[in-house]
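The values are calculated or read from the model by the stated rules, or taken from the named source; none is laboratory data. Only a predicted model underlies this, so the values are computations on that prediction, with no experimental measurement involved. Cβ atoms come from the backbone with ideal geometry, glycine included; neighbour counts cover every protein chain shown. Calculation scope for accessible area: heavy atoms of the full protein, side chains included, ligands and nucleic acids excluded. Shrake-Rupley method; radii C 1.70, N 1.55, O 1.52, S 1.80 Å.
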Amino acid sequence: MFAAFLNAVYPVSEEATEAFWLALEKKKFRKGDRITMEQQIQKELYFVFQGIQMSSFNNDGKLHIMAFTYPPSFSGIPDSFLLQKPSSYQLEALTDSELGAVSFLQRQELMNQFPDIERFFRIMTEQILAGFMQRYLELHALTIEQRFRSFVKRSPHLLHKIPRKYIANYLHIDPTSFSKLFNSIRI
């Protein structure tokens, strides 16, 4: 799964893949665990082997959900990790999760040693930026039904694995409207 994920983004040599794999420290988090807290620096980037995580922040007591991560993907607070600055939001395990952690310094060393890993991370960062731009467009230009359909197309398995209130929040849809929408559209 790990090698296939890397190579789907950019072809990474077997030697580089093995070095990256060996750098990963396996960690387990229970449902509800805070992986990264607000104002904490994200010192590790996580590869998701199992589970679902949510990045969010609270503003005046109101939850705002930024993203969900699940296998196979990386998880963490991107700006905090890349810039090594305190996070503006938190990362929480929504389900029991198994992650592989690579530290900021280990990632830097891997990129210095293996140009294909550096290219992998550059391309992945570009894809993340494009994904954030797509999400911004969806939130500002699409109807609630279009946002819902886009989410279902991208992450249908989440509909039955996490509370619907989180999906409604992520899509900026009132929970009552989300429930009506969920019940009225064939998936």
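Below, the figures for the structure above:
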item: Flag for Val12 being touching a Leu at 6+ places or on another chain (Cβ under 9 Å), on the phi < 0 side of the Ramachandran plot and part of a loop (DSSP other than H, G, I, E, B); result: yes
item: Every residue from region 21-31 that is in a loop (DSSP other than H, G, I, E, B) and open to solvent by 40 Å² or more (accessible area, probe 1.4 Å); result: Arg30, Lys31
item: Residue in region 29-37 that is within 23 Å of Leu158 (Cβ to Cβ), at pLDDT below 95 and out of contact with any His (no Cβ under 6 Å at 6 or more places or on another chain) present; result: no
item: Single match in Ile187, Ile173, Ile144 (criterion: modelled with pLDDT under 90 and over 16 Å from Ile52 (Cβ atoms)); result: Ile187
item: Search result, residues across region 147-161 that are hydroxyl-bearing (Ser, Thr, Tyr) and under 15 Å from Ile52 (Cα atoms); result: Ser155
item: Within region 109-134, tally of residues that are within 18 Å of the chain's Cα centre (by Cα), in contact (Cβ under 8 Å) with a residue 12 or more places away in the chain and open to solvent by less than 90 Å² (accessible area, probe 1.4 Å); result: 6
item: Hits in region 37-61 (condition: in a strand (DSSP E or B) and within 20 Å of Asn169 (Cα to Cα)); result: Gln53, Met54, Ser55, Ser56, Phe57, Asn58, Asn59
item: Close pairs from region 73-91: first closer than 16 Å to Ala101 by Cβ and open to solvent by less than 30 Å² (accessible area, probe 1.4 Å), partner part of a helix (DSSP H, G or I) and not hydroxyl-bearing (Ser, Thr, Tyr), Cβ under 8 Å, at least 6 apart; result: Ser73/Phe5; Phe74/Met124; Phe81/Phe104; Ser87/Asp79
item: Leading residue by the ranking (surrounded by the fewest Cβ atoms within 10 Å (Cβ to Cβ)) among those in region 164-187 that are in contact (Cβ under 8 Å) with a residue 40 or more places away in the chain and of a type outside the set (Phe, Trp, Tyr); result: Ile185
item: Among (1) open to solvent by less than 50 Å² (accessible area, probe 1.4 Å); (2) more than 21 Å from Thr125 (Cβ to Cβ); (3) over 12 Å from the mean Cα position of the chain (by Cα) - the single one Asn59 does not satisfy; result: (1)
item: Scan of region 147-160 for residues that are open to solvent by 90 Å² or more (accessible area, probe 1.4 Å) and in contact with a helix residue (DSSP H, G or I) (Cβ under 9 Å, 6 or more places away or on another chain), ordered by number; result: none
